Amino acid sequence: MALPQFTLLLSLTLCSGAFVFFMFVLDLSIPLSLVLDAILYVGLHLTLTAADPAAKETKLLLRAAKVKLELLRSASYHISNPRIQNDVNEIVGASMQIMLLIQKKSADLPASKQLLTFYLDNTLEMVNRYVSLSSKSYLNASSNAVLRKIEEVLEGVKVNFIAQYNKLLINDLSDLAIKMDVVSQMLEWEDVQ
């Protein structure tokens, strides 16, 4: 998958060369060269962005996850049990942080993607079922058992979402630490010179 910075740099480099070509080789005016250059930049940017199917897939995944998180958040307002409401809100918060890290890294993160698809879908379904059952005035024994089971599972889901976020954050921080070590070594090397 191409990095967004590389795509931007490539587009700008090609457009700079094209501007020089328009101005000096074709002997066009500055305004006309700028207009042609702008058109070229937009075309290049759209072509390079559209050519990356993984980026498109990630955008669709994040957009769908955002909708699910809004549905989860709105469902949490109808939960009367503060502990369960807090669990749902923590799941939403961890999911949003995972989404931010996915956007930042622009990388293929299969475990996180599975969390934002399969697990988030099932969590939304459980929360909706919980809201539906807990809003009833009378519950039989089997309905109460289902409510308790959903509460237990939501606690585990919350722990897993937070653990996945922490894992991604640790990887991100270790990447940063490696980069800082490299820069530090480069500075030490320059001091020796």
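Somewhere in segment 38-56, is a residue at pLDDT 90 or above, basic (K, R) and either in a helix (DSSP H, G or I) or open to solvent by less than 80 Å² (accessible area, probe 1.4 Å) (or both)? Lay out the reasoning, then the answer.
Our first condition is that a residue be at pLDDT 90 or above; within segment 38-56, this holds for none.
Scanning segment 38-56, I find no residue that is at pLDDT 90 or above, basic (K, R) and either in a helix (DSSP H, G or I) or open to solvent by less than 80 Å² (accessible area, probe 1.4 Å) (or both), so the answer is no.
Go through the residues of segment 134-143 one by one and say whether even a single one is over 30 Å from R63 (Cα atoms), modelled with pLDDT under 85 and small (G, A, S). Within segment 134-143, one or more residues are over 30 Å from R63 (Cα atoms), modelled with pLDDT under 85 and small (G, A, S). If you go through segment 53-72 and keep only what is of a type in the set (A, V, I, L, M, F, W, C) and in contact (Cβ under 8 Å) with a residue 40 or more places away in the chain, you end up with A54, A55, L61, L62, A64, A65, L69, L71, L72.
The values are calculated or read from the model by the stated rules, or taken from the named source; none is laboratory data. Keep in mind it's a predicted model, so treat the numbers as computed, not measured. So basically every Cβ, Gly included, is an ideal-geometry build from the backbone, and we count neighbours across all protein chains shown. These area figures cover heavy atoms from the full protein model, side chains too; ligands, DNA and RNA do not enter into them. Shrake-Rupley method; radii C 1.70, N 1.55, O 1.52, S 1.80 Å.
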